[in-house]
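To start, the structure itself, in C-alpha cells.
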Amino acid sequence: MAFVQAIATHRAGSVARLVEPGSPASRYITHQKALVEAQITVGGFQLSDIPAVPDQKNQTITVSDPASKPVTFSDFQFTPDGLLQDFRIQGRPIEPRLWTQPAHFSAGGTSFRLVSAFERGGDRHGCSGSGGRL
C-alpha cells in the first residue's frame, strides 16, 4: 500500500527501500522519479493527495485521480524478504512497457535525452527527458 500511495502522490523516492534493486518495481520508481523531475523542470509539478484504495478481496489497489481514469495496481510479487519485485497496472505487466535506459537523440538542431518512458494502454505516456538547442 505504501508503494502505490507514494506513486499516486509523486513521492516515489520515499519507497525505494521497499523494492528489490534492479527489479521491474525498482525501475518503475526510477521512471516515476524522472517523470517528477521533468515536470519540475517545465514548471508543471504539484504534489497531490490522491487516495489509493485497497481491495483486500481482489488483492488490488486503485488510485482515483479526478483528472484521469482510475488506475489499478495488482498481482504484486515479493522476494522472500518482503521486497516488492513486480506488479501489474490495469492488469498488464509493467516490464515490457517500461524503458529506463538513457538514450540520446538529435533532430533539427535540438538535442534530446530520454531518461525513461512507460506505455499506458496502447499509447506511450509519461516520457521523461530533456531537450535544448545545440
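Values quoted throughout were computed directly from the atomic coordinates according to the rules given, and no laboratory measurement underlies them. None of these values were measured; they are calculated from a predicted model. Glycine also receives a Cβ, built like all others from the backbone with ideal geometry; neighbour counts cover every protein chain displayed.
For this structure, a couple of remarks:
- Backbone geometry of segment 31-37 corresponds, through the Karplus equation with coefficients 6.51, -1.76 and 1.60 at θ = phi - 60°, to 3J(HN,Hα) couplings of 5, 4, 5, 5, 5, 5, 4 Hz, x marking Gly and Pro.
- Amide H contacts for ARG120 (H built 1.01 Å from N in the peptide plane; partners 5 or more residues away or on another chain; cut-off under 5 Å): HIS125.
- Residue by residue, segment 53-63 carries 3J(HN,Hα) couplings of 10, x, 10, 4, 4, 8, 6, 10, 9, 10, 9 Hz when phi is fed to the Karplus relation 6.51 cos²θ - 1.76 cosθ + 1.60 (θ = phi - 60°); x denotes Gly or Pro.
- Note on GLN59/GLU37: beta-carbon distance plugged into 1/(1 + (r/R0)^6) with R0 of 30 Å gives a FRET efficiency of 0.45.
- Around the amide H of SER111, modelled in the peptide plane, lie the amide H atoms of GLY132, LEU134, all under 5 Å away and 5 or more residues distant in sequence or on another chain.
- Amide hydrogen proximity for ASP86: with H placed 1.01 Å from N in the peptide plane, the residues at 5 or more positions away or on another chain lying under 5 Å are ALA25, GLN77.
- For LEU83 and SER106, a Förster radius of 22 Å and the Cβ-Cβ distance give a FRET efficiency of 0.05, rounded to the nearest 0.05.
- Label point of ALA2 set 7 angstrom out along Cα-Cβ; within segment 78-96, amide nitrogens under 13 Å from it belong to 82-84.
- The phi-based Karplus calculation (6.51 cos²θ - 1.76 cosθ + 1.60; θ = phi - 60°) puts the 3J(HN,Hα) values of segment 69-80 at 6, x, 10, 10, 9, 8, 6, 5, 10, 10, 6, x Hz, whole numbers, x for Gly and Pro.
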